[in-house]
Amino acid sequence: MIPIRDTIPSKNTPVGTWIMIIANSVVFVFELMMPEPVLEAFFYYFGIVPARYSHPEWASWVGLPLDDYWPFVTSMFLHGGWLHIIGNMWTLWIFGDNVEDRMGTARFLVFYFICGLAAGLVHFFTNIDSTIPTVGASGAIAGVLGAYFLLYPQSRVIVLIPLFFLPLFIEVPAVTYLGFWILSQIFSGTLSLALPEDVGGVAFWAHVGGFIAGALIHWLFVKRGRYFRALAPDEWGMEGAWLPLGRVIPWREKPWH
């Protein structure tokens with residue numbers, strides 16, 4: 001399923017989301033200007049290579065600097081190709097603006113980077129001997145998806161399902177789409193542990209780590225009191241979706257104020 005859009009318009013200009021999309025795009029253009037050998041070395045220096053930290057003797061032998069942990073940040077801005085960056089930035093654009101609405105720009109950016117760091121650490125511990133550089137913003141974006149999963153369970157997502165040669169567009173609940181997505185990452189990640197030699201080059205456990213981090217810590221960044229923006233009609237009552245039965249939302253918190 002390819003997400004096309006969600007049904008919740010953002011109330012505020014998603015400045016933080018735009019900043020991340022522009023920053024990633026600028027770095028990707030810079031990558032396109034590099035010769036292939038230089039780009040490969042660039043990925044090794046600025047991508048996450050788990051063996052760089054678990055096997056320092058190997059890192060010294062290949063010429064990677066030791067005690068340099070910046071790759072856990074810089075790797076979030078690198079992408080391996082057009083499909084990689086388009087898929088990541090498109091997903092961030094669809095879901096990031098609504099999460100940013102609830103957090104505000106500064107909090108959203110801090111949240112984004114924390115989720116990216118969590119995703120990088122999970123990838124490191126689940127692939128501790130790997131000598132392959134991992135790049136991409138998908139771990140941080142997975143954190144945004146984890147926050148969206150809990151903040152907007154009654155939202156809808158328009159998805160494209162390729163049916164042979166005919167495009168099929170359907171509307172599914174966000175909780176269904178994102179639930180299916182995270183379960184597919186867990187399944188693929190488990191399979192990658194059983195068959196490490198054929199995992200398709202995707203950091204599935206980084207996605208899982210970022211998603212769980214976003215779901216767990218998003219409440220620390222959501223603005224309190226009045227909503228940062230007015231709720232859309234299809235979010236009606238969504239604040240009570242995960243509350244125990246019988247819990248009444250105070251009038252001052254209701255979405256029509």
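Any read-out appearing in this document is the output of simple, stated calculations on the displayed coordinates, not a laboratory observation. Values in this document were obtained by computation on a predicted structure and should not be read as measured data. For neighbour counting, all protein chains shown are included, and Cβ atoms are generated from backbone atoms with ideal geometry for every residue, glycine included.
Considering only the stretch 29-64, state which residues are touching a Lys or Arg at 6+ places or on another chain (Cβ under 9 Å) and outside any helix (DSSP H, G or I).
Leu64
Give me the residue from the stretch 12-23 that is in contact (Cβ under 8 Å) with a residue 12 or more places away in the chain and surrounded by fewer than 16 Cβ atoms within 10 Å (Cβ to Cβ) and, out of that set, nearest to Gln154 (Cα to Cα).
So in the stretch 12-23, the residues in contact (Cβ under 8 Å) with a residue 12 or more places away in the chain come out as 12, 14-17, 19-21, 23.
This time we only want the ones that are surrounded by fewer than 16 Cβ atoms within 10 Å (Cβ to Cβ), so: 12, 15, 19, 23.
On the way: Asn12: 20, Val15: 25, Ile19: 28, Ala23: 31 Å.
Among those that are in contact (Cβ under 8 Å) with a residue 12 or more places away in the chain and surrounded by fewer than 16 Cβ atoms within 10 Å (Cβ to Cβ), it is Asn12.
Of the residues His123, His55, His79, which single one is of a type outside the set (S, T, N, Q), closer than 22 Å to Thr190 by Cα and either in contact (Cβ under 8 Å) with a residue 40 or more places away in the chain or in contact with a His (Cβ under 9 Å, 6 or more places away or on another chain) (or both)?
His123
I need a count of the residues in the stretch 65-86 that are hydrophobic (A, V, I, L, M, F, W, C), under 18 Å from Ser130 (Cβ atoms) and surrounded by fewer than 19 Cβ atoms within 10 Å (Cβ to Cβ).
Total satisfying the criteria: 1.
Here's a check for you: in the stretch 116-137, which residue that is among the hydrophobic types (A, V, I, L, M, F, W, C) and surrounded by fewer than 19 Cβ atoms within 10 Å (Cβ to Cβ) is nearest to Phe95 (Cα to Cα)?
Looking at residues that are among the hydrophobic types (A, V, I, L, M, F, W, C) and surrounded by fewer than 19 Cβ atoms within 10 Å (Cβ to Cβ), I get Leu121.
So which residues in the stretch 138-180 are surrounded by fewer than 24 Cβ atoms within 10 Å (Cβ to Cβ), of a type in the set (Val, Ile, Thr) and either without any contact (Cβ under 8 Å) to a residue 40 or more places away in the chain or within 21 Å of Phe111 (Cα to Cα) (or both)?
Matches in the stretch 138-180: Ile170, Val175, Thr176.
Using the structure shown, decide if Val26 is more than 21 Å from Leu151 (Cα to Cα), within 20 Å of the chain's Cα centre (by Cα), free of Cβ contacts under 8 Å to residues at least 40 places away in the same chain and not in a loop (DSSP other than H, G, I, E, B). Even if it seems obvious, please write down each step before you answer.
On the way: more than 21 Å from Leu151 (Cα to Cα): yes; within 20 Å of the chain's Cα centre (by Cα): yes; free of Cβ contacts under 8 Å to residues at least 40 places away in the same chain: yes; not in a loop (DSSP other than H, G, I, E, B): yes.
Criteria met by Val26.
Residue check: is Ile141 touching a Ser or Thr at 6+ places or on another chain (Cβ under 6 Å) and more than 18 Å from His84 (Cα to Cα)?
Answer is no for this residue.
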